[in-house]
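Here's the structure we're looking at; comments come further down.
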Amino acid sequence: MKVLLKKVTILDKKSTYYNQQKDILISDGKYSKIADNIQDKEAKQITSNSLFISQSWVDLKADFNDPGHEYNEDLNSGLNLAANSGFGHIYLVPTTSPIVDNKAQVNYILTKNGQHIVELHPMGTITKEGKGESLSEMYDMFQTGASVFTDNTSFLSSGILYRALLYVQNFGGQIVSFPQDKSLSYHGQINEGIASLKTGLRAMPSVGELIQVQRDLSILEYTEGKLHFSGISCAESLNLIRKAKKKGLQVTCDVYVNHLLFNETATLGFDTNHKVFPPYRTEEDRKELWKAISDGTIDCIASNHQPKIADYKDIEFDNADFGVMSLQSFYASLVDQNLKQHADFIEKISSKPREILDFKENTSINLGNSADCTLFDPTITWELNETTNLSKSINSPFYNKKLKGKAIGIIKRNTVHLNK
């Protein structure tokens, strides 16, 4: 099979042709020719008004609610949604029902994945049943196909984190920490500041994140391990991580996409589609997150896709679940927010996650490498609505709104998925 991409700009910093517009011929699943003008009548030709290519996008955190809560989303709907959104790899949170704390649950997800063009990466819990009491069967899960371990938003004691960081060094697993001291934000709903003052809702202070980042970095330094922070939301945390990186600690972090788009004022209207965890912080924090994208302090951008049906969202703010669906609007929302940093944010969802998680195969856009790429166009306009929405849920602040920027498709070796 041959595919010819015409006049495509290459946004892959690992490519010899970075930021150049070229024609690309993919033959038998590999990049066989990259040049200014390629002609091949046998090849399937793909064009667009402003065509871009990168290594396929990787989402470090999504919840497909399967098994246990398939009414919100399931693995089939999630896979199709991911493909439409341009993501070739999805890391799934383990906090399903039952929880992913053993190899049988890892196998369930991998079996359901089948031969779909999107590859699912099940994460396992750090502790048994995610209860924070004793370590789970991480090595068994690693042998089965899970290389990343997290208890998601549950609290990890210092002792558990210490033992986990030491344990995974034996086989190369990755520990992910969600830094929140919940004792400082019990029943908290939104950020402590303008949002909590004007709404009267219970607050979640940013110091709850800061304290956990400080503690986790101290334990990381002591164990000489490797740690990834999920969902950094405030400037103070970024400063600590920045210093730790300069010190030589093996620490990485991500930010959730909607925290780059909104600040705490989004919650003033009590829209439950802005009830997220961690909460949106100040405008200064949001700007600092973008600066950290530029200077490399933030390594990746994750969707934190959390679909919820109306029963859990179309109710009073206090009683509504946390979470927002964010896969399908991911790329367009970033294009709308900051097209000037197009190359920066594409790197954070393509080559950087591969570095952090030690992807074995080199899929950079260079001659001879296997194709594993996303095609996208920042000029395409569309609307997320009842017709286009591929999720089972509708809890998005972008629902029924016009968006600009769209994934055109994914190519993975000899398989091509093109969006309508």
>> Please verify whether Gln306 is in contact with a helix residue (DSSP H, G or I) (Cβ under 6 Å, 6 or more places away or on another chain), under 30 Å from Thr415 (Cα atoms) and surrounded by 16 or more Cβ atoms within 10 Å (Cβ to Cβ), treating the condition exactly as stated.
In response: no
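A quick yes/no check of all residues on (1) assigned by TED's automatic domain parsing to the domain that holds Tyr18; (2) of a type in the set (Asp, Glu); (3) at pLDDT 95 or above; (4) within 17 Å of Ser85 (Cα to Cα):
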{"position": "Pro307", "(1), (2), (3), (4)": "no, no, yes, yes"}
{"position": "Asp314", "(1), (2), (3), (4)": "no, yes, yes, no"}
{"position": "Phe317", "(1), (2), (3), (4)": "no, no, yes, no"}
{"position": "Met325", "(1), (2), (3), (4)": "no, no, yes, yes"}
{"position": "His342", "(1), (2), (3), (4)": "no, no, yes, yes"}
{"position": "Ser350", "(1), (2), (3), (4)": "no, no, yes, yes"}
{"position": "Phe376", "(1), (2), (3), (4)": "yes, no, yes, yes"}
{"position": "Trp382", "(1), (2), (3), (4)": "yes, no, yes, yes"}
> Considering only the stretch 246-270, how many residues are without any contact (Cβ under 8 Å) to a residue 40 or more places away in the chain, surrounded by 20 or more Cβ atoms within 10 Å (Cβ to Cβ) and part of a helix (DSSP H, G or I)?
Replying inline: 1
>> Based on this model, can you work out whether Gln341 counts as in contact with a Leu (Cβ under 6 Å, 6 or more places away or on another chain), assigned to a helix (DSSP H, G or I) and not acidic (Asp, Glu)?
In response: no
> So how many residues does the stretch 194-251 have that are farther than 28 Å from Met123 by Cβ and either among the aliphatic types (A, V, I, L, M) or not assigned by TED's automatic domain parsing to the domain that holds Asn152 (or both)?
Replying inline: 5
> Hey, which of the helices (runs of 4 or more DSSP H) in the stretch 86-191, taking only ones fully inside, have at least 3 residues that are within 22 Å of Gly231 (Cα to Cα)?
Replying inline: 158-167
> From the set of residues in the stretch 375-420 that are among the charged types (D, E, K, R) and without any contact (Cβ under 8 Å) to a residue 60 or more places away in the chain, which is surrounded by the fewest Cβ atoms within 10 Å (Cβ to Cβ)?
Replying inline: Lys420
>> I'd like to verify a number: residues in the stretch 217-245 that are in a helix (DSSP H, G or I) and over 28 Å from Asn170 (Cβ atoms), how many?
In response: 7
>> If Lys392 meets every condition in (1) closer than 20 Å to Lys7 by Cα; (2) in a loop (DSSP other than H, G, I, E, B) apart from one, which number is that one?
In response: (1)
> Going by the conditions given, is Leu210 more than 18 Å from Gln174 (Cβ to Cβ), in contact (Cβ under 8 Å) with a residue 60 or more places away in the chain and not β-branched (Val, Ile, Thr)?
Replying inline: no
>> Can you say whether Leu227 is among the hydrophobic types (A, V, I, L, M, F, W, C) and free of Cβ contacts under 8 Å to residues at least 40 places away in the same chain, as far as the supplied structure shows?
In response: no
>> Against the definition (among the acidic types (Asp, Glu), buried (at least 24 other Cβ atoms within 10 Å of the Cβ) and outside the structural domain of Gly172 (by TED's automatic domain parsing)), how does Asp372 come out, yes or no?
In response: yes
> Taking the condition in the same structural domain as Gly173 (by TED's automatic domain parsing) and surrounded by 17 or more Cβ atoms within 10 Å (Cβ to Cβ), does Val276 pass?
Replying inline: yes
>> When you scan the stretch 274-292, do you find a residue that is over 21 Å from Asp181 (Cβ atoms) and part of a loop (DSSP other than H, G, I, E, B), even just one?
In response: no
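The values are calculated or read from the model by the stated rules, or taken from the named source; none is laboratory data. Model, not experiment: these values are computed from the prediction. Here the Cβ is made from the backbone with ideal geometry for all residues, glycine too, and neighbour counts use every protein chain on show.
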